[in-house]
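Below is one structure, written out as structure tokens, with a few remarks after it.
Read-outs: derived from the displayed coordinates by stated rules, not from any lab. Because the structure is a prediction, the values reported are computed rather than measured. Positions of Cβ are generated from backbone atoms using ideal geometry, with glycine treated the same way; all protein chains shown enter the neighbour counts.
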Amino acid sequence: MKCYKGTILSVDANDRVYRYLVEDKGIIIHIGNELPSRYDNAEIIDLAGKAIVPAFVDTHQHFASLSTFNAGLNVMEAESNEEIARMIGEYAANTREKTIIAFGASPHSVKEGRLITREEIDAVCLGKEVMVVKYDGHACIVSTPLLKKLDKKLSRLRGYHPDTGEMNQEAFFACSDYISGSLSIPDLFRNMQNCTDYLASKGIGSIHTVSGVGFIANLDITIEKLFAKSLRNGFQIRVFPQALNIKVATSRRIPRIGGCFECALDGCFGSHDAAMNEPYTDAEGGEGILYYSDEKVIEFCKKANRLGLQIELHAIGDKAFDQATRALKAALDDYPRKGHRHGIIHVCLPTAEGIAICKEYGIQMPVQSAFIGWKQEPDSYLEEILGAERTSRLNPIKTFVDNDIVVSLGSDAPCTDPDPIQWIHRAVNHSNPDERITVQQALRMATYNGAYATFDEKERGSLEIGKAADMVILSDNPYEVNPENLKDIKVEQLILSGKPYESAVTPLGRCIWRGLFSKNKY
């Protein structure tokens, strides 16, 4: 039995702040401003000016991809293509990997103002298969050896640009499929274990992962489910198969479906393929790409809804958002369900009509406040392609709150670093002052609402009697910090089920054995 003494931010229905929290055997048994005498024998842990909040929840990430890229080369902070090339060359010289994966290239954060090219990659590691993934996770640049290997498949697909080596849309997905197929199961498990430890260092105790990125027979979905069940440290994983084939979820007894890739209704701004109601304003123009017809999306949503599955759809542009709301509305009109928790991911540029549907039908929104003031996709670029007026309407978090829509926060990792402190900071300090929210609202989105998004709010998400003692010790009380300095708060420790976080790294055989027979949720 342990008693935490100090600042306890409960994130309960009234955002109460308490002085004492007592946990026993991983469950919160007391929280209040007084400590009853029956807890006199509890071990006292004095927070000494620090604060406790519920463990953070990342409601949208690509765990298998993040684990893979996290084990590779991250070039997101590079300031030039010359630096990226040097990093790739050095990495290639010190690895035995057959195919090198680098992640995070952006034309907006390097001095050249463009993506690195196939020739520049070849110059530093001639003869090696290299894929440099763009920061938004929707495009890549491949080296000549990789291009030659995949040319017959890629040349027939949309988004194929052999001159620069850049692959978009279906051509990019084909490259991703190849990379996924080249990974061994032991390597993927080890990468996931290490990645879980990394997420925990950020105070994240639960993730919602969208899976199904090109592994044969959707092996990554099966592995993520197995991995989720194998964990013994209290870390929670909820799997969303991103497939239009309902059986991918039902055959694995997964109660939810959706995400990006096959469930993406459009692309993204960075690759100029987010589906728009009005044309882009730059020289390239166009209205982006809507991947599917209304009929196909509605048919999918109706079938999944009737089977009792929870649905999530990717929508970046306003045209895609409208399609998502029409499809979910049609599904719920066809077969009304209370408490369905259907959601639309990203929702970067919503419409008033779609927001009204979300409010009426209880559609939730796992959004990415990390996209606000994003170095890899700055406002100056967004204004260039969207115009100032549309850019000002991006990521309208306060508008969602004002319409009683449940908003949760996520990283879309590996697109952004999974850092809840940054999510909170950017939501509170939105670049559009009219869309700024309170610290209390942002903390709720990063904790309780994340648990709510997958029906876990009765067990986790807030610090209340009877719930799991899943908590994060922060260096400062976010309610008292100057909003401009929220980003400087440090995660001191993650506590899951009352215990300091324990590493997920265990022998592979033991991990798989536990996963096969565990009753852990997934």
Amide H contacts of S408 (H built 1.01 Å from N, under 5 Å, at least 5 apart or other chain): M365, V367
State to the nearest 20 debye the size of the charge dipole of the chain about its Cα centre, where the only charges are +1 on K and R beta carbons and -1 on D and E beta carbons. 2480 debye
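In which sequence would T59, T209, T399 go, from the one with the fewest C-beta neighbours within 10 Å to the one with the most? All intermediate terms of the calculation are to be shown ahead of the outcome.
Details: T59 33, T209 30, T399 16.
By the 10 Å Cβ count, ascending, the order reads T399, T209, T59.
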Charge dipole of the range 255-446 built from unit charges on the beta carbon (Lys, Arg +1; Asp, Glu -1), centred at mean Cα; most positive-end Cα among N305, N277, C260 is N305
Report, in whole Å, the centroid distance computed from the Cα atoms of the range 374-422 and the range 1-67. 30 Å
So if I take the centroid of the Cα atoms in the range 489-520 and the same for the range 136-180, what is the distance between those two points in Å? 36 Å
Would you kindly calculate the translational diffusion coefficient of the range 387-522, applying Stokes-Einstein with the Kirkwood radius from alpha carbon pairs, for 25 °C and a viscosity of 0.890 mPa s, and quote it in µm² s⁻¹ without decimals? 143 µm²/s
Please go through the range 190-295 and write out the trypsin sites (Lys or Arg not before Pro) that DSSP classes as loop and that have at most 12 other C-beta atoms within 10 Å. R253
Would you work out which of S155, N74, S143 lies farthest towards the positive end of the dipole of the range 73-182? Charges go on Cβ: Lys and Arg +1, Asp and Glu -1. S155
Express as a percent, rounded to the nearest 5, the fraction of DSSP beta bridges in the range 73-182 (both residues included) that run antiparallel. 50 percent
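Under a Cβ-Cβ cut-off of 11 Å, what is the net charge of the residues other than K229 that fall near it, where Lys and Arg count +1 and Asp and Glu count -1? Walk me through the intermediate numbers first.
On the way: positive: K225, R232, R514, K519, K521; negative: E224.
Local charge sum for K229: +4.
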What is the sum of charges around Y160, taking Lys and Arg as +1, Asp and Glu as -1, for the other residues whose C-beta is under 13 Å from the C-beta of Y160? +1
Could you calculate the contour length gain from R156 to A123, that is, 0.36 nm times the residue separation minus the distance between their Cα atoms, to one decimal place in nm? 9.2 nm
Which entries in the list K50/K398; K134/K375; K25/K467; K111/K202 go over 20 Å, if you measure between the two C-alpha atoms of each? K50/K398; K111/K202
Whole-Hz Karplus couplings 3J(HN,Hα) for the range 143-152, θ = phi - 60° and coefficients 6.51, -1.76, 1.60, Gly and Pro as x, run 6, 4, x, 6, 4, 5, 5, 9, 4, 4
Angle between the Cα long axis of helix 169-182 and the longest principal axis of the chain, 0 to 90 degrees, nearest 10? 70 degrees
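So, with +1 on the Cβ of K and R and -1 on the Cβ of D and E, and no other charges, what is the size of the charge dipole of the range 199-353 about its Cα centre, to the nearest 20 debye? Could the numbers behind the result be given before it?
Numbers: 19 positive and 18 negative charges, 300 e Å.
Rounded to the nearest 20 debye, it is 1440 debye.
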If each of K490 and D404 carries a label point 7 Å out from its Cα toward its Cβ, how far apart are those two points in nm? 4.4 nm
Rounded to the nearest Å, the spacing of the alpha-carbon centers of the range 286-327 and the range 432-461 is 24 Å
What is the local net charge at P418, summed over the other residues whose Cβ is closer than 13 Å to its Cβ (Lys, Arg +1; Asp, Glu -1)? -4
Checked against the structure, the computed Cα Rg over 2.2 N^0.38 Å among (1) 2.25; (2) 0.96; (3) 1.40 is the one labelled (2)
Suppose every Lys and Arg Cβ carries +1 and every Asp and Glu Cβ carries -1, with no other charges. What dipole size does the range 255-446 come out with about its Cα centre, to the nearest 20 debye? 1060 debye
